[in-house]
Each structure stands twice: as C-alpha cells, then as structure tokens.
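Right, one structure below, let's go through it.
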Amino acid sequence: MVAPPLDVSLLQIVGYADVLPESARPSIVAPVFCKKDNPDSILVPPYSFSNGRYLCDATEISVAELKSLAHRLEVTLFTEPLAAQRDHELWVDQKGEPQYQSRREARTQLNQIALDAQREAATVFEHGQLEDAERSSNVALLADPKNIDAWAVKMAIADVKADLESQDLLLELIPENSRQTIRARVADLCRKYLASTAAPAKIPVYSPMYCVATVRSNYR
C-alpha cells in the first residue's frame, strides 16, 4: 500500500534498506521509517522527498514484513530509532556506523573521506602497491563518485596491468567531458609509477683481488 505524503517530523528511522559489506562503505543509504504515533506502520523505499520535508509515495508494510526483510538480509535494523529530520541524509561510514546529518554536513564529510582516500590511492600506486591503490580509490569513489582523481588512479591501474577490459569499462563510467583531464592525470601517475618501480642499476661488487694482475709491482 502506498502511503500519503507525510511530514518527516512525524517519523522515526528504524533502519535502512540495504546490508553493506566493508567493500561497499561508505555509502548513502535509504532510511526505513515508521510513524511516531503508530510504530507498527513501516515505510520503505522506493519513495521521494518534497522540499526535503515530505516523504512521498513510500510503500507501507507491517512489522512482520520488515522482520522478514531483515531475515533475508535486505534491510539493516537499528537497536534504537532515530528521529527523522528535514533535509537530512543517512549514510554509513567505513566502520559500518550509521551517520545522520544535514545534507550539507554529510556531503562535506563524504567529500573529505574521498579526498583522503584518493590521495592515499595515488601515493601507494606510485610506489607500486596496486591492490592498496585499488582499495583506496574504491573508497574515494563510494564517498564521491565525481572524484576524477580517483577515476584517474583506477585507469592508471588498468593501464599498468594492460587490462583492456577494465579500461573499456572505466571509459564507459567516466563522463565524456572529464576524459581528457583524466587521461592527462593517468599519464602523470604512470610516469611516477615507472620512475618509482624501475629496477635500480646494479653496481658490481668486485673481489679484493679483481684486476690485481694488471697493477704494476714496485719491485723490479
């Protein structure tokens, strides 16, 4: 049953409509609501918000149905509900802890996570640590899918691995108007990778007797 529009001040958040492994965090998630005056009335996605204040077109289900969804690992439930607020975002941090903040605060925090992870990805990539670079670039893109520097790290990883399939897939995901910028950053990353990982020239280690026969004796 589709519920009528409801002011979020009349609602509580009892969980979110996902179960996130570590590899999928951080992530913005869709709250599961209940009515404050009727906790047995559960509201689940898909839905939309009007002016950040009104919950529209949510599907209303029973507590029994919600428990069934939790049993099937389709939702995550909280031990204590949160009071729903206008213009707020629910997201899950890297440790799996839910965060409920204003949309501006949430975006600021996620952008900082993306920036830190992207910088880490670039650093470890340049030192040849490709698996760590992959993990950190994934975190950056989960936090901010528009972080072109993180996309550049992923492209650079595919380049040094000569992974043509991944290169093609990444090009499909990257907005066309960002591709030229990303290619330049990939080239720079790959230059640094090659400079850092190139095998150093071997310095020969000679025996103490090396070339002794060519040294003229002082005795005649």
Which one of Ser27, Ser68, Ser50 is of a type in the set (Ser, Thr, Tyr) and surrounded by 14 or more Cβ atoms within 10 Å (Cβ to Cβ)? Ser27
Failed condition for Val124, given (1) surrounded by 17 or more Cβ atoms within 10 Å (Cβ to Cβ); (2) within 11 Å of the chain's Cα centre (by Cα): (2)
Taking the range 68-87 and keeping residues part of a loop (DSSP other than H, G, I, E, B) and over 14 Å from Leu11 (Cα atoms) leaves Arg72, Leu73, Glu74, Val75
Asp116: passes all of (1) free of Cβ contacts under 8 Å to residues at least 60 places away in the same chain; (2) under 30 Å from Asp37 (Cβ atoms); (3) among the acidic types (Asp, Glu) but (2)
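Looking at the structure I just gave you, is Ala213 at pLDDT below 90 and either assigned to a helix (DSSP H, G or I) or in contact with a helix residue (DSSP H, G or I) (Cβ under 6 Å, 6 or more places away or on another chain) (or both)? So that I can check it myself, show each step before the final result.
Working: at pLDDT below 90: yes; either assigned to a helix (DSSP H, G or I) or in contact with a helix residue (DSSP H, G or I) (Cβ under 6 Å, 6 or more places away or on another chain) (or both): yes.
Considered against the rule, which asks whether it is at pLDDT below 90 and either assigned to a helix (DSSP H, G or I) or in contact with a helix residue (DSSP H, G or I) (Cβ under 6 Å, 6 or more places away or on another chain) (or both), Ala213 comes out as yes.
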Is there a residue being more than 20 Å from Glu22 (Cβ to Cβ), of a type in the set (A, V, I, L, M), at pLDDT 95 or above and in contact with a Ser or Thr (Cβ under 8 Å, 6 or more places away or on another chain) anywhere in the range 108-119? no
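Within the range 56-82, which residues are of a type in the set (Asp, Glu) and within 14 Å of Val19 (Cβ to Cβ)?
Glu74
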Contact list please: Cβ distance under 7 Å, first residue in the range 34-57 and acidic (Asp, Glu), second residue surrounded by fewer than 14 Cβ atoms within 10 Å (Cβ to Cβ), pairs at least six apart or on different chains. Asp40/Ser62; Asp40/Val63; Asp57/Val2; Asp57/Ser48
Tell me, please, whether a residue that is in a helix (DSSP H, G or I) and surrounded by 15 or more Cβ atoms within 10 Å (Cβ to Cβ) can be found in the range 89-96. no
Quick check on the range 10-24: of everything there that is of a type in the set (Gly, Ala, Ser) and over 18 Å from the mean Cα position of the chain (by Cα), which residue is surrounded by the fewest Cβ atoms within 10 Å (Cβ to Cβ)? Ala17
Out of all the residues in the range 29-67, which are in a strand (DSSP E or B) and either among the aliphatic types (A, V, I, L, M) or not assigned by TED's automatic domain parsing to the domain that holds Ala84 (or both)? Val32, Ile42, Leu43, Val44, Leu55, Ile61
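The values are calculated or read from the model by the stated rules, or taken from the named source; none is laboratory data. Because the structure is predicted, anything quoted here is derived from the model rather than measured. Positions of Cβ are generated from backbone atoms using ideal geometry, with glycine treated the same way; all protein chains shown enter the neighbour counts.
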